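All remarks here apply to the structure that follows.
The values are calculated or read from the model by the stated rules, or taken from the named source; none is laboratory data. All figures in this text were calculated on a predicted structure; none of them were measured in a lab. Cβ: placed from backbone, ideal geometry, glycine included. Neighbour counts: every protein chain shown. The protein model used for the area step is the full one, side chains on, heavy atoms only, and it has no ligands, DNA or RNA in it. Shrake-Rupley method; radii C 1.70, N 1.55, O 1.52, S 1.80 Å.
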Amino acid sequence: MVLRTPMATIPARPSNFPSSVPQSRAQAAEETAAIPWYIWCATMAVTSATVGGYWDISWHESIGRDTFWTPAHMAIQLCGVLAGIAFGYLILHTTFSKQSPLAAASVHIFGFRAPMGAFIASWGGIAMLTSAPFDNWWHDAYGIDVKIVSPPHILLISGVYAVVIGTLVLLAGHMNRSQSKSHVAEQRLILYINGIMLVQMMILLMEATNLPYLHSIRTYLAIAALPPIVLALSSRLTGFRFAATSVSAFYMLFRLGLILVLPLFPAEPKLGPVYQQVTHFIPPDFPLLFIVPAIALDLLWQRTKTWNSWKIAAVSSFIWITLFTAVEWPFASFLMSSASRNWFFGTNYLYYALPPASFLARHVFYPTGPAAIFFLGLLGAMLIATITFRWGLTRGEWLGKIKR
Amino acid sequence: MKFLRFAVPLLCLASQAHAHVGSPDVFLQGKAGPYQLFVTVRPPLTIPGVAELEVRCESPGVREIRAVPLAIMGAGSKYAPIPDALKVSPTDPQFFTGALWMMTAGSWQARLTVTGSQGDGTLSVPVPSFARASKKMQWGLGVILSAIGLFLVSGLIAIIGAASREAKLDPGQTPSESNLRSGRKATIIGAVLVIAIVVACNYWWGYEENDYNQRIYKPLHMAATLNGTDLSLQLSEPGWMQARTIQQIAFRVFTRKMDDLVLDHGHLMHLYALRQPGLDVVYHLHPEQRENGSFVLPLPSMVAGQYKLYADIVHADGFPETLVTEIYLPARSARPLSADDASASTEPWQKASTTNNAFTLPDGYKMEWLRGDKPLLAGQAMSFTFRLTKPDGTAPGDMALYMGMVGHAAFVKTDGTVFAHIHPNGSISMAALMLAEGMPADMQMDEAVRSTVSFPYGFPTPGQYRIFVQMKHGNTVETGVFDAIAALPNSLDTSVGRRPL
């Protein structure tokens, strides 16, 4: 809840710095005692984009044809609308209102002032809006794309990520300014936002982590590149003992939920060629077993708080890659077997345009290649994960210190 | 940088050649059960893309038409997506329009299901599907997106600077000189990183564009050489729709081969030789395949000149191609024309009248173009009707099928950008039609032989055209030559279907 306070005295500032109306620390802290409405609004926005993103992918795999006005697209666009309302208001109100309680807790960009998260999320909103005409032109120029990773889609995904990151930064700033002894609500919300971030990350990595690639090095390089950032960041920022476990569990439950729910709704292809008969919405692949190495990471991080962050990152990387490989490799073999073709594991759901000769349709792995190359790749994945864990740890620490 | 490369509002036509040359639209006149339909399919420029579908019902009583795209044969022909109902014109209940989503390259068909007062019927329209071009961005959109792009880039750099400068300050605390210095440093580092990302994305865009351009249709290369009295035609693969990687082999359902050609009304190859630049001499010949991709033709007696060769072939899945090359052929006295061969000579198109509707043949017979009084407009589907008469003006009593059909026609634009070999059924390959209808690819058409023949077609672009029409009586194949100018339409007329050019 935002509290209104009287204006405070303006302290002296360097002449080259924009004018603002800062308030006392006590006032700013008092105003941030409860999670404000714009953070809830932003949380709804990122939730909507995440649900919409997976819904849209399922739509393309089940029905195929879409328009701007499909429910899935509306859910994604709602993210931009909600973010626009929340952060547009926040920036304009903080900049132009003398009554703004956040004036003291603002950063200055292009003559505007607002909490930093608002600027990041607004950047995301503009990127999302820009991606629409860019994507439309892309369809005209190169055909209606049938893949996730294309330049206009990446601009859209970057925009959504920026809204997520902006929300996280706002939330971290809010928590750090708060003088309340307990931050349970903020921590839970931060874990939720990190869970959302991991779920969204796996959209970006979907084309590298499809079931047939689970015995290929590309999967292991992919999971070294991004998920460690979220896991390390959430642990460092919240200080919660099982942060990585919670975030991984959220990802797993979200994907499992889609496997259980989406096939309940009827859908038929409206595009050809139709290689697989589809009668219901197609869910995503079974989630990767991040939760196993995540538990190990949490246990490690509880015991290594005094270690150098590079050392923590290196050991975390080793645990992450080796444990993930140890559990995912045999589990992937199970997913390829006929025993997994059921309503729970969902490997019987094949999207309509999947050619019969494809690896997934034949339930076989993409050729693994020489073992030596694979193990060299794993070493490379460990190197990458060391860097990304370190990045996540330092970003988590940094977020733990921001006040604006 | 792509953002700065927007400002070229050009359509980049990478290739004008395909099944026919410069004439992508598909025209078909056929029966869906009891209903006679004139179907026009206007394929998209890009694949995946959306084709326009126009259907004129030439029989009364049609209530509803549904259309669905299907592969002619193979894996994609087993299951059909949900068909789309075509929209009936509010001003003309006999005219229906719709869209056909073409998602992959290959040999496709539009399967039409017609419901009406005389019952139901279906008609399959073969539609070869391939990307023809890519587009550059329009200047205005490029400027807008570039401006927003620059704003996003500068905004991101500013956010990075502000994050370092102020984010960790307590509320109300003024940034120190150290904070400001840190902010400037972060801004510079952020600028380098963001610009590096933009440059990397630009390379990625270029890669994606190159990948798409690889999928733009390239006809088989055809090289012509003269070996004594034989014309040798050697086909080679320029690298279109080939599956080389493991993923391509698994995912690419359609690949082009050279060893899978099938007979199309009795021949593996139909070769039109047109003397340049006047198009005053034409031969319709039929080389024989010696081995895969290698054709030989013992040349008949020919008039000397530079010839443009248009070779029509059809692959086993019904995908048709027209291969083009040029060669100089000296004058020679050789074999006479064989049974299915035909030729004609007349004055160059530059000297011909574009309003002459009658062509006198060497044996005194006459071929007439029943042109009517409607203007000829580019982009408009219509029937071109021709009649063969004896010297006394009566219909020949010995009309015969010419390669299984009442007639063949070739529409050639005088600037060389258009060549289309048309049959009475339309612009489709007869082999593809047979496959789509579930009949053997080399089956002969069973048609009554009349002295009048109609060809459903539409001039693709404005300009001057020469039309070669072939009909047969007795053992004589007659070739009539007509000239016409297709005008640019100045108003949208949906009475027979037309699209803006």
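Entry remark, region B:181-197: residues being in contact (Cβ under 8 Å) with a residue 24 or more places away in the chain and buried (at least 17 other Cβ atoms within 10 Å of the Cβ) number 5 in total. Restricting the search to region A:122-164, which residues are within 10 Å of chain B (Cβ to nearest Cβ) and of a type in the set (A, V, I, L, M)? Once the filter is applied, which keeps residues that are within 10 Å of chain B (Cβ to nearest Cβ) and of a type in the set (A, V, I, L, M), region A:122-164 yields A:Ile126, A:Ala127, A:Leu129, A:Ala141, A:Ile144, A:Val146, A:Val149, A:Ile154, A:Leu155, A:Ala162. The number of residues in region A:254-281 being farther than 18 Å from A:Gln200 by Cα, among the hydrophobic types (A, V, I, L, M, F, W, C) and either crowded, with 19+ Cβ neighbours inside 10 Å or within 14 Å of chain B (Cβ to nearest Cβ) (or both) comes to 5.
Would you be able to say whether some residue in region B:350-361 is open to solvent by less than 70 Å² (accessible area, probe 1.4 Å), touching a Ser or Thr at 6+ places or on another chain (Cβ under 7 Å) and within 21 Å of B:His408 (Cβ to Cβ)? First the steps, then the outcome.
To start, the set of residues in region B:350-361 that are open to solvent by less than 70 Å² (accessible area, probe 1.4 Å) comprises B:352-354, B:357-359, B:361.
Add one more test, that the residue is touching a Ser or Thr at 6+ places or on another chain (Cβ under 7 Å), and what stays is none.
Checked region B:350-361: no residue is open to solvent by less than 70 Å² (accessible area, probe 1.4 Å), touching a Ser or Thr at 6+ places or on another chain (Cβ under 7 Å) and within 21 Å of B:His408 (Cβ to Cβ).
Just need a number here: residues in region B:219-262 that are within 14 Å of chain A (Cβ to nearest Cβ) and open to solvent by 50 Å² or more (accessible area, probe 1.4 Å). So the answer is 8. B:Ala304 satisfies every condition listed in (1) loosely packed, with under 13 Cβ neighbours inside 10 Å; (2) hydrophobic (A, V, I, L, M, F, W, C); (3) under 30 Å from B:Thr255 (Cα atoms) except (3). Taken as a whole, the condition of being farther than 18 Å from A:Ala162 by Cβ, in contact (Cβ under 8 Å) with a residue 60 or more places away in the chain, open to solvent by less than 30 Å² (accessible area, probe 1.4 Å) and within 14 Å of chain B (Cβ to nearest Cβ) does not apply to A:Ser58. Scanning region A:356-404 for residues that are over 25 Å from A:Ser317 (Cα atoms) and touching a His at 6+ places or on another chain (Cβ under 6 Å) yields one hit, A:Phe365. Within region B:114-124, is there a residue that is within 14 Å of chain A (Cβ to nearest Cβ), under 30 Å from A:Thr279 (Cβ atoms) and touching a helix residue (DSSP H, G or I) at 6+ places or on another chain (Cβ under 6 Å)? Scanning region B:114-124 turns up at least one residue that is within 14 Å of chain A (Cβ to nearest Cβ), under 30 Å from A:Thr279 (Cβ atoms) and touching a helix residue (DSSP H, G or I) at 6+ places or on another chain (Cβ under 6 Å).
Table: residues versus (1) within 26 Å of A:Leu191 (Cβ to Cβ); (2) exposed (fewer than 14 other Cβ atoms within 10 Å of the Cβ).
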site: A:Pro367; (1), (2): no, yes
site: A:Ala372; (1), (2): no, yes
site: A:Leu378; (1), (2): no, no
site: A:Ile384; (1), (2): yes, no
site: A:Phe389; (1), (2): yes, no
site: A:Gly392; (1), (2): yes, no
site: A:Ile402; (1), (2): yes, no
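Residue-level check: of (1) in a helix (DSSP H, G or I); (2) aliphatic (A, V, I, L, M); (3) within 7 Å of another protein chain (Cβ to nearest Cβ), B:Leu169 misses just (1). Tallying residues that are more than 30 Å from A:Leu350 (Cα to Cα), in contact (Cβ under 8 Å) with a residue 60 or more places away in the chain and either within 26 Å of the chain's Cα centre (by Cα) or not in a helix (DSSP H, G or I) (or both) within region A:364-404 yields 23. I'd like the residue in region A:107-121 that is aromatic (Phe, Trp, Tyr) and either touching a residue at least 12 places away in the same chain (Cβ under 8 Å) or more than 10 Å from chain B (Cβ to nearest Cβ) (or both) and, out of all such residues, is surrounded by the fewest Cβ atoms within 10 Å (Cβ to Cβ). Across region A:107-121, the extreme among qualifying residues is A:Phe112. Out of all the residues in region A:89-106, which are away from chain B (no Cβ under 14 Å) and not in a loop (DSSP other than H, G, I, E, B)? Those that are away from chain B (no Cβ under 14 Å) and not in a loop (DSSP other than H, G, I, E, B): A:Tyr89, A:Leu90, A:Leu92, A:His93, A:Phe96.
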